[in-house]
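K.L.:
Quick one: this structure, given as structure tokens, is what I'll be asking you about.
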Amino acid sequence: MYEKHDAYLLYEYMKKVSFTVRILVRMKEKVDAKLLKDAAQKAISRLPYFAVKIRVDEGSNFVLEHNDAPIPVLPEKEERLMLGSEAVSGHLFAITYKDNCVWFNFAHTVCGGTGGMIWLKSTMYQYLTTKYGEIPAPKDIKLPGTPVPEGETYYPDPAKLPDDEPLKRYTGGATKVGLGRFLKFLLNPFAKKQYYSEISIPTDRFMEYAKSIDGSPNTIFASLIFKSLAEYFPEKKGNVISGRIADDYRKDIGAEESYRDFTRLLHIQYDRSMLNESMEKLNIRARGAIIYQMQPELSIERFRKIEETRREIDALPDLKSKKKYAAQHSLFRSDPRDVFSVSYVGQIDWGGMADHITEVYTLTDGDFMMEVNALPDKFCVSYQLVNKDRGPVDLLCKTFDAEGIPYEVSDMKVRYLPDVQIPKK
């Protein structure tokens, strides 16, 4: 395997923004390390596109090639795991465990939350069926020995996609609210830890609330975070406290079954004058903003821009110039800046695994970053911050209380996002 499509995010790597993901699975019983190691190797045999290591080719390009070494399954330590290093046999995917918890650590350059769930579910299914016997399988489970269909690794040709003009574009600008605290973290050499809180919400009660205001998890959480941050930040005239929602656009470009991360950001522009509006009205605002930004034409336009940037990177002569160009032309960095983010991968088919799993939390880079996963009985929300100030968490819980949404919240925890060892040449 020799893959360039999945390596481009490596050019944008930063020491404190390493573009990695970590998914915690908490189970009812303690982890059996031997069974987990065996399960990890069985699962990866069906997912060869995740068994990769980084190489710099003769054109000074980052590429991913197949890694024959076993997928690392290691005891969890209170430190950042270095993906791509000798400690993990060069792998960009690695598993750690402790007590009743399993962490799935991977580099975002290969895939996002959707692809990560493919790996997680395949591994956990192998583990749980070995430990407990046959259990109902999720419909989308990838089993060892089954073929990899073309759609699973499909990468579209941008020249073959429609070239229609979108009806409308987002016109909101960037906001500087919260920028100072993020830059303080980014530029302070002694600020090395990032934090999060786990929040669990009963599914039945949350969906009952969502139905009462005709909302969705994305729009509800976005509106609740806005309300909390409008109280958190000092009041200034004209404050824009905008949010962004991660949108998976694979279907728009004909890559619905792909493991790759085809994601763009949808923006919701709130300002302090809306603070006293009802959740129904805030939800309508959020839905309206999302609907007109979800045009397939905008997805295709985004994909084409990504491909154009990558072709420019390919044409440069050395790694230094490629990294510089990638940083200066990053579409995520050039997007209008928002204060907070919400990412929800949607309802997931867990099959019989849900009987053995109590919680699933996703961790990523970012400040005021909310990741949402759904189990049949609860929503698992990780609210992530760049420092240990618990104020934003407490204010978010205050908004839950005001809306009658029940929840349980943890203490602040360190994220321990994995890092990536990047080849220098």
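The values are calculated or read from the model by the stated rules, or taken from the named source; none is laboratory data. It should be emphasised that the depicted structure is a prediction, and the values quoted were computed from it without experimental measurement. All Cβ positions, glycine included, derive from the backbone under ideal geometry; neighbour counts span all protein chains shown. What goes into the accessible areas is simple: the full protein's heavy atoms, side chains included, and nothing from ligands, DNA or RNA. Shrake-Rupley method; radii C 1.70, N 1.55, O 1.52, S 1.80 Å.
K.L.:
Looking at region 149-202 only, could you name the residues that are over 30 Å from L120 (Cα atoms), open to solvent by less than 90 Å² (accessible area, probe 1.4 Å) and of a type in the set (D, E)?
P.N.:
none
K.L.:
Look at K378 and say whether it is touching a helix residue (DSSP H, G or I) at 6+ places or on another chain (Cβ under 8 Å), open to solvent by less than 60 Å² (accessible area, probe 1.4 Å) and over 18 Å from K227 (Cα atoms).
P.N.:
yes
K.L.:
Could you tell me whether any residue of region 308-319 is surrounded by fewer than 19 Cβ atoms within 10 Å (Cβ to Cβ), in contact with an Asp or Glu (Cβ under 8 Å, 6 or more places away or on another chain) and not hydroxyl-bearing (S, T, Y)?
P.N.:
No: region 308-319 contains no residue that is surrounded by fewer than 19 Cβ atoms within 10 Å (Cβ to Cβ), in contact with an Asp or Glu (Cβ under 8 Å, 6 or more places away or on another chain) and not hydroxyl-bearing (S, T, Y).
K.L.:
Can you name the condition, by its number, that E58 falls short on among (1) in contact (Cβ under 8 Å) with a residue 12 or more places away in the chain; (2) open to solvent by 50 Å² or more (accessible area, probe 1.4 Å); (3) not in a helix (DSSP H, G or I)?
P.N.:
Here E58 clears every test but (1).
K.L.:
Right, E65: of a type in the set (D, E), open to solvent by 30 Å² or more (accessible area, probe 1.4 Å) and part of a loop (DSSP other than H, G, I, E, B) or not?
P.N.:
no
K.L.:
Can you find even one residue in region 248-262 that is of a type in the set (S, T, Y), modelled with pLDDT under 95 and either open to solvent by less than 40 Å² (accessible area, probe 1.4 Å) or in a helix (DSSP H, G or I) (or both)?
P.N.:
Checked region 248-262: no residue is of a type in the set (S, T, Y), modelled with pLDDT under 95 and either open to solvent by less than 40 Å² (accessible area, probe 1.4 Å) or in a helix (DSSP H, G or I) (or both).
K.L.:
On to the next question. Restricting the search to region 91-148, which residues are open to solvent by 30 Å² or more (accessible area, probe 1.4 Å), assigned to a strand (DSSP E or B) and in contact with a Gly (Cβ under 9 Å, 6 or more places away or on another chain)?
P.N.:
Listed by number, the list is empty, since nothing qualifies.
K.L.:
In addition: For region 395-412, which residues satisfy the criterion of being in contact with a strand residue (DSSP E or B) (Cβ under 9 Å, 6 or more places away or on another chain) and either surrounded by fewer than 18 Cβ atoms within 10 Å (Cβ to Cβ) or aliphatic (A, V, I, L, M) (or both)?
P.N.:
L396, I405, P406, Y407, E408, V409, S410, D411, M412
K.L.:
Also, I was wondering about something else. Give all pairs with beta carbons closer than 6 Å in which a residue from region 267-285 that is farther than 13 Å from I220 by Cα meets a residue that is of a type in the set (G, A, S) and surrounded by fewer than 20 Cβ atoms within 10 Å (Cβ to Cβ); count only pairs at least 6 apart in sequence or on separate chains.
P.N.:
Hits for this filter: H267/G172; Q269/G172.
K.L.:
Can you tell me which of M353, M370 is open to solvent by less than 30 Å² (accessible area, probe 1.4 Å), in a strand (DSSP E or B) and in contact (Cβ under 8 Å) with a residue 40 or more places away in the chain?
P.N.:
M370
K.L.:
Residues that are part of a helix (DSSP H, G or I), closer than 15 Å to V420 by Cα and not polar (S, T, N, Q): does region 12-30 have at least one?
P.N.:
yes
K.L.:
Mind listing whichever residues of region 413-425 are assigned to a loop (DSSP other than H, G, I, E, B), open to solvent by 30 Å² or more (accessible area, probe 1.4 Å) and at pLDDT 95 or above?
P.N.:
Y416, Q421 - these are the residues of region 413-425 that are assigned to a loop (DSSP other than H, G, I, E, B), open to solvent by 30 Å² or more (accessible area, probe 1.4 Å) and at pLDDT 95 or above.
K.L.:
Let me ask something else about it. Applying the selection to region 70-84, what residues are out of contact with any Leu (no Cβ under 7 Å at 6 or more places or on another chain), surrounded by 12 or more Cβ atoms within 10 Å (Cβ to Cβ) and assigned to a loop (DSSP other than H, G, I, E, B)?
P.N.:
P70, I71, P72, E76, L81
K.L.:
Limited to region 314-346, what total is found for residues that are within 28 Å of L363 (Cβ to Cβ), touching a helix residue (DSSP H, G or I) at 6+ places or on another chain (Cβ under 7 Å) and part of a helix (DSSP H, G or I)?
P.N.:
The qualifying residues number 4.
K.L.:
If you scan region 211-247, which residues turn out to be closer than 10 Å to N283 by Cα, out of contact with any strand residue (DSSP E or B) (no Cβ under 9 Å at 6 or more places or on another chain) and part of a helix (DSSP H, G or I)?
P.N.:
I220, L224, listed by residue number.
K.L.:
Still on this structure, I have one more. Could we say that K37 is buried (at least 17 other Cβ atoms within 10 Å of the Cβ), free of Cβ contacts under 8 Å to residues at least 60 places away in the same chain and part of a strand (DSSP E or B) here?
P.N.:
Against the criterion (buried (at least 17 other Cβ atoms within 10 Å of the Cβ), free of Cβ contacts under 8 Å to residues at least 60 places away in the same chain and part of a strand (DSSP E or B)), K37 does not qualify.
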